[in-house]
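One structure below.
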């Protein structure tokens, strides 16, 4: 399996308001795709996004700056060429939680199908993420 040039970016804040502002600023600053977010506990929230390495670095930088202005910024990180298992686990973890809460409810909007993310990314001119077109 050949991995192409893409990166995983993460921004962690305390409070959803500062995270949404950071994610918005990141999406406006660079060509990235937000794939999911997690709320583990105590108001800590993390947004995850993918794109080419330079775009993700620029997006993280812009998002961090905005998060510091709005609320409490905790940490951020960029992982160039992450394993597809990392992306799959992030997306599937969010999906499992939402499906166990209410099975009859439509899939939670924060849990996006991995193939759908890959298709959106490639449709916008991004490289195919691996040989079979999936993350």
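The values are calculated or read from the model by the stated rules, or taken from the named source; none is laboratory data. Every value quoted in this text rests on a predicted model; they were computed, and no experiment measured them. So basically every Cβ, Gly included, is an ideal-geometry build from the backbone, and we count neighbours across all protein chains shown.
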* Structure fact -> Within the range 1-25, the count of residues that are outside any strand (DSSP E or B), touching a residue at least 40 places away in the same chain (Cβ under 8 Å) and either crowded, with 16+ Cβ neighbours inside 10 Å or touching a strand residue (DSSP E or B) at 6+ places or on another chain (Cβ under 7 Å) (or both) comes to 8
* Inspect all residues belonging to the range 36-50 and state whether any of them is part of a helix (DSSP H, G or I) and either over 12 Å from the mean Cα position of the chain (by Cα) or modelled with pLDDT of 60 or more (or both). => no
* Asked: Counting only residues that are touching a helix residue (DSSP H, G or I) at 6+ places or on another chain (Cβ under 7 Å) and surrounded by 19 or more Cβ atoms within 10 Å (Cβ to Cβ), which one in the range 38-50 is nearest to residue 23 (Cα to Cα)?
  -> 47
* To do: Return a yes/no flag: does the range 26-34 have any residue that is on the phi < 0 side of the Ramachandran plot, in contact (Cβ under 8 Å) with a residue 12 or more places away in the chain, in contact with a strand residue (DSSP E or B) (Cβ under 6 Å, 6 or more places away or on another chain) and assigned to a helix (DSSP H, G or I).
  => no
* Asked: Regarding residue 109, is this residue under 14 Å from the mean Cα position of the chain (by Cα), modelled with pLDDT under 80 and farther than 16 Å from residue 5 by Cβ?
  -> yes
